[in-house]
Amino acid sequence: MEEKTKPEEKPRKDSSDLKTPPKQRLTVCLFSAAFFGSIGSSFLYGYNLSVVNAPASYIKTFFNKTWIDRYNEPIGEGTVTLLWSITVSIFAIGGLVGALTVSFLIKALGRKGTLLANNVLALIAALLLALGEMAGSFEMLIIGRFIIGMDSGVALSVLPMYLGEISPRQVRGSIGQFHAIFICLGVFIGQVLGLPEIFGQESRWNFLFGFLALPALLQLCVLPFLPESPRFLLVERRDEAGAEKAFQAFLGRSDVARELEEVHAESRSQNTQRTSSVLDLFRKRSLRWQLITVIVVMSCYQLCGLNAIWYYTNGILQEAGFQQTLIPYITLSTGGIETLAAIVSGLVIEKVGRRPLLIFGFSAMAVFFSLLTVFLHYQDRFSWMPYLSFTSILLLIASFCSGPGGVPFVLTGELFEQSYRPAAFMIAGTVNWLSNFAVGLLFPFIQEALQTFAFLLFVVVCATGAVYLLVVLPETKNKTFMEISQSFSKINGVPEPSEEREMKDALDTAAANGLRSDGVEMESCF
């Protein structure tokens, strides 16, 4: 009798129990992938956003010297302005080219392989930028900026994809925020190294660009020893043994049958084993609002006005009465606030959720842009007004990094299942870089026409983004990729896929057969 009643002592969990995800610890392998993946990708992007600011005058002097050596006459003011504008803006053109190549690269090389190959671009760019002055060639600087832009275009799409696919859903947001944290850290380090005491001197400015090689070399040394995305291995390479080993390494346990079955179920639900094209993604009715959401969020990410803030920072500090020699040190506070806000966001994203962070971030930016417009308008009338303007700038930066600065990349990886993810990131990257280029190209003209009221355009963008997300975006925290796709079924006007039942049945069968992990509940982490 005891034999018959023994199985009833531990009743099988019902579906509500299975919905509760297990506690997942952060493994060394997962942390290393996020850290070294970000340092050779996101960090370089952030660094290149700020690194050209400190040596700007020295680079223009180099343009003039090179011109005199070639043509025996000083360079014209219009020509030097044109060369400088090309040097700065061609970074975005390179980024767009890089983003357009992503789906082809990851199909051939995989996620990790593409990140590794991308370091070749960073090393070539570092050599061209560092040796351009010695060679007397400003063309090398321009080509180097284009190539490092390509590197950033690839990295900004592939790294979030890789991090999203290797992370258990309980920590997917936090791991994804490594991307945003290292962008901010790159901006901050670029500001620090640009100080006059370090590389911000006429005799040392080329070392600022030579530094680009260090993060790339760090990633090249460590990333080869870390696993490829298990989802990529299983769905696209059909390598079940490799996927199992990758899951085991990232999760830190040997029993990963649950995770393998979930990916199999997701693959079956897509009815395809091939990577879908951009055209396929636009045609797919069941992904219509996911695609619109990514386009809106990525557009707002660049058009929200944070890049334009840098045009005003130095001028506001000068108006506040700070000495010119102190301004580079004071502007370090912007990079510091950026990094701190990104870290805090990474710590709370799994508790607060993606949707609240995005809505709060864009809403707060709309408020602080409105205040900044008022403070700038009355800046000449009150001696203390510039201090309020600078405070608004710091709060704007913190608001951006609390959500809009990193969550869009996490969201892009979560809204699409495996076969559509590369095409989604290509579209997101294209929108990102075109918007970046548009801001750099158009804002000086808008600023000239509207003066301080130019920031009201960003109020409209931020408010529109917040309202859209409030109405359309469901929360994706702690959901599987299939569950996220199904949450859009109603708004897309399609029925929920029947494969959901197939996946649940398969998982219930696995549970009934006694599949379990040591110390972990029978629930998929991915």
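The values are calculated or read from the model by the stated rules, or taken from the named source; none is laboratory data. Everything numeric in this text was worked out from a predicted model, so none of it was measured. Because the Cβ atoms are built from the backbone with ideal geometry, glycine has one as well, and the counts that use them run over all protein chains shown. Heads up: the accessible areas ignore ligands, DNA and RNA and are worked out on the full protein's heavy atoms, side chains in. Shrake-Rupley method; radii C 1.70, N 1.55, O 1.52, S 1.80 Å.
Sequence-distant contacts, meaning Cα pairs under 8 Å at least 6 residues apart, place the relative contact order of the chain at 23 percent. Taken along the Cα-to-beta-carbon direction at a fixed 7 Å, the label points for HIS264 and LEU442 span 5.1 nm.
Centroid-to-centroid, using Cα positions, segment 251-270 and segment 39-114 are 42 Å apart.
Solvent-accessible area of segment 50-186 (1.4 angstrom probe, protein heavy atoms only): carbon and sulfur portion equals 70 percent. Counting only alpha carbon atoms, the long axis of helix 102-135 and the longest principal axis of the chain meet at about 20°. Our summary of shape: the Cα atoms of segment 43-174 have principal axis extents of 62, 27, 22 Å, ordered from largest down, in whole angstrom. Treating r as the C-beta distance of LEU347 and SER137 and R0 as 30 Å, the FRET efficiency rounds to 0.05.
Rounded to the nearest 0.05, what FRET efficiency is calculated for TYR71 and TRP310 with R0 set to 35 Å and r the Cβ-Cβ distance?
On the way: r = 33 Å, r/R0 = 0.95.
For R0 = 35 Å, the calculated efficiency reads 0.60.
Compared with the dominant principal axis of the Cα atoms in the chain, helix 213-222 is inclined by about 20°. With Cα atoms as the point set, segment 362-485 shows a radius of gyration and Dmax of 17.8, 58 Å.
Using 0.36 nm per residue, how much length does the chain from ALA108 to THR79 gain when fully extended, once their Cα-Cα distance is taken away?
The ALA108-THR79 span can extend by a further 6.2 nm.
What ratio of Cα Rg to 2.2 N^0.38 Å holds for the chain?
On the way: Rg = 24.8 Å, N = 526, 2.2 N^0.38 = 23.8 Å.
Output field value: 1.04.
Straightening the chain between GLN201 and ARG238 buys 8.0 nm, computed as 0.36 nm per residue apart minus the Cα-Cα spacing. To the nearest ten degrees, helix 257-270 and the longest principal axis of the Cα atoms of the chain are 80 degrees apart. Full extension of the segment from PHE31 to ARG285, taken as 0.36 nm per residue of separation minus the current Cα-Cα distance, would add 87.8 nm. From the largest down, segment 297-393 spans 43, 26, 22 angstrom on the principal axes of its Cα atoms. Accessible surface for the chain, divided over its residues, is 42 Å² per residue with a 1.4 Å probe. Evaluated at q = 0.13, 0.29, 0.31 Å⁻¹, a Debye calculation over the C-alpha positions of segment 170-224 (equal weights, vacuum) places log10 I(q)/I(0) at -0.46, -1.09, -1.12.
Summarise the accessible area of segment 322-411 (1.4 Å probe, protein heavy atoms) by the percent that is carbon and sulfur.
Working: 2670 of 3670 Å².
Answer for segment 322-411 is 73 percent, counting heavy atoms of protein chains only.
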